[in-house]
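Input: a single structure, listed below in structure tokens.
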Amino acid sequence: MAFNKIWYTLALGLLLPFSYAHTDFFTSIGHMTDLINTEKDLVVSLKDYIKAEESKLEQIKKWAEKLDQLTDTATKDPEGFLGHPVNAFKLMKRLNTEWGELESLVLKDMSDGFISNMTIQRQFFPNDEDQTGAAKALLRLQDTYNLDTDTLSRGNLPGVKHKSFLTAEDCFELGKIAYTEADYYHTELWMEQALKQLDEGEVSSADKVYILDYLSYAVYQQGDLSKAMMLTRRLLELDPEHQRANGNMKYFEYIMAKEKDANKSSTDSEDQLEKETEVKKKDYLPERRKYEMLCRGEGLKMTPRRQKRLFCRYYDGNRNPRYILGPVKQEDEWDKPRIVRFLDIISDEEIETVKELAKPRLSRATVHDPETGKLTTAHYRVSKSAWLSGYESPVVSRINTRIQDLTGLDVSTAEELQVANYGVGGQYEPHFDFARKDEPDAFKELGTGNRIATWLFYMSDVSAGGATVFPEVGASVWPKKGTAVFWYNLFPSGEGDYSTRHAACPVLVGNKWVSNKWLHERGQEFRRPCTLSELE
Ligand code: OGA
Ligand code: FE2
């Protein structure tokens, strides 16, 4: 906890002064709701400006019409007109003062209020990094949840309340962001989508020539030469003088001819070999694929036989006086590693209190950089989090006691309660909660040993996505508000249990609140005694 305190003091002391200039908006929904309100205020201010500008124009119009009539009459018979002394006086007055007043009115700047509002608010606006972060989140969701580009662009997602779609220009923008990341796979998908929407007749300022330029390059980078040529040909039909496209076309033709020659001399057996390695590649599932499948609710690995041995029960915390009369509902989620879920274990009021305490302190979650040993942000952990101490609120203290009662573990050596909020696309890729043997210093500051167990409260439902998955064993645990899951990270011997590797899947729709308690080894010596064999 000393460590948390240090981090917390650092966070308060160093980060808050600039926290508004750089809040990584895209990492959580909490700060984004502030932006919605800011935008609403700006719209009101903009409408006031429009009204002021309209009323100014109205006055000018009236003046112009009046003068139009007057000058018409006057020019028809100037001498007769000026024969009337009142007319002569009025002409002097108009030219000497009234036109001057009109000039001032025309020059009057009505935009003051709006512009100063804008200047103030702009300091808190998201920056390029936020925009790229939000775009990358979309691309990540597309991969994880196997969403086809058209579905995503038309906004046809499960469980959405407010349908929203992407314009051809938006698609082009996403494609460009993928391109700057040298991610040609997504560049192709999104440039193609932009093109498709334009071909379907969408009115847009997006330019087909630009799109085809990016698209053909992305396709070429991925090795599809004939498609790259076909696209370049299309570009040249629209803009025959396009220099780069003309150059590329010549280059493609040259490569094509060279490949044809080479193909003639290649043998069948080589083709066979290539096919075989391809099959092998498909059979082997890297962790990333397992993780993504579990996130989609596929690839669960639990035989019916094992499933039959999962039970639910009323649990009294091993005859804990606080729970004998009112035991809690407990369900087995998984057998090995054993993961249990507690139901109705945190009330809506408690959740609200915890969220309110955490909100002002949420900052981008960090990870240990194994090279420098320092805390840094990482693309594989995208969320905002805050630490809450039991001293600061009876609710937090009560929650800590509850964890101690129901796990039978001493919470005085645990880390403080961590509250995390994942926005759309927020995730935490596969990791261990415990420190491995090659990082003995990870929890040195705490002085309470390794993270023996994890307690994780789900403080919200998630409309789509956001599961906690265990790729090693093929388990998915779905968030359900008011429940909590618990598992041991270490065997009783103190050895790390590698089957507990887990991840928080990206949120697809909605947002996800969790809070967790990492319990440590010290203090558990008699509560969970060591065994003689390592992996028991
Ligand atoms: C963590 C974690 C899982 C989740 O914060 O270490 O694994 O579902 N969270 O949020
Ligand atoms: Fe974790």
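The values are calculated or read from the model by the stated rules, or taken from the named source; none is laboratory data. These numbers were taken from a predicted model, which means no experiment stands behind them. Don't worry about glycine lacking a Cβ; one is built from the backbone with ideal geometry, like all the others, and counts go over all protein chains shown.
Worth pointing out:
- Conditions (1) part of a loop (DSSP other than H, G, I, E, B); (2) in contact with a Lys or Arg (Cβ under 9 Å, 6 or more places away or on another chain): number failed by residue 161: (2)
- Residue match in segment 481-491 (condition: within 14 Å of ligand 1 (Cβ to nearest atom), touching a Leu at 6+ places or on another chain (Cβ under 6 Å) and more than 17 Å from residue 518 (Cα to Cα)): no
- Selection count where residues are surrounded by 13 or more Cβ atoms within 10 Å (Cβ to Cβ) and not in a helix (DSSP H, G or I), scope segment 147-158: 4
- Taking segment 509-527 as the range and being modelled with pLDDT under 90 and surrounded by 13 or more Cβ atoms within 10 Å (Cβ to Cβ) as the test, the residues that pass are 509, 510, 511.
- Entry remark, segment 408-443: residues being aromatic (Phe, Trp, Tyr) and either buried (at least 23 other Cβ atoms within 10 Å of the Cβ) or away from ligand 2 (no atom under 16 Å from the Cβ) (or both) number 2 in total.
- Residues of segment 451-466 satisfying the condition of being within 15 Å of ligand 2 (Cβ to nearest atom), under 30 Å from the mean Cα position of the chain (by Cα) and assigned to a strand (DSSP E or B): 451, 453, 454, 455, 456, 457, 458
- Of the residues screened, residue 169 is one that is closer than 28 Å to residue 42 by Cβ, over 18 Å from the mean Cα position of the chain (by Cα) and modelled with pLDDT of 95 or more.
- The set of residues in segment 498-528 that are away from ligand 2 (no atom under 14 Å from the Cβ) and either under 24 Å from residue 294 (Cα atoms) or part of a strand (DSSP E or B) (or both) comprises 506, 507, 508, 509, 510, 511, 513, 520.
- For segment 428-445, the set of residues classified as at pLDDT below 90 and either closer than 23 Å to residue 134 by Cβ or near ligand 1 (Cβ under 10 Å from one of its atoms) (or both) consists of 429 only.
- All of (1) outside any loop (DSSP other than H, G, I, E, B); (2) free of Cβ contacts under 8 Å to residues at least 40 places away in the same chain hold for residue 479 with one exception: (1).
- Test result for residue 448, within 15 Å of ligand 1 (Cβ to nearest atom), β-branched (Val, Ile, Thr) and either touching a residue at least 60 places away in the same chain (Cβ under 8 Å) or not in a strand (DSSP E or B) (or both): no
- You will find that of 144, 75, the residue that is free of Cβ contacts under 8 Å to residues at least 12 places away in the same chain and among the polar types (S, T, N, Q) is 75 and no other.
- Conditions (1) part of a loop (DSSP other than H, G, I, E, B); (2) more than 20 Å from residue 513 (Cβ to Cβ): number failed by residue 331: (1)
- Against the conditions (1) crowded, with 18+ Cβ neighbours inside 10 Å; (2) farther than 24 Å from residue 232 by Cβ, residue 164 satisfies every one except (1).
- Residues of segment 463-474 classified as surrounded by 23 or more Cβ atoms within 10 Å (Cβ to Cβ) and touching a residue at least 40 places away in the same chain (Cβ under 8 Å), total: 5
- Look at segment 30-48: where a residue is over 28 Å from residue 424 (Cα atoms) and a partner is modelled with pLDDT of 90 or more and not basic (Lys, Arg), sitting 6+ places away or on another chain with Cβ atoms under 6 Å, you get 45/114; 45/117; 46/114.
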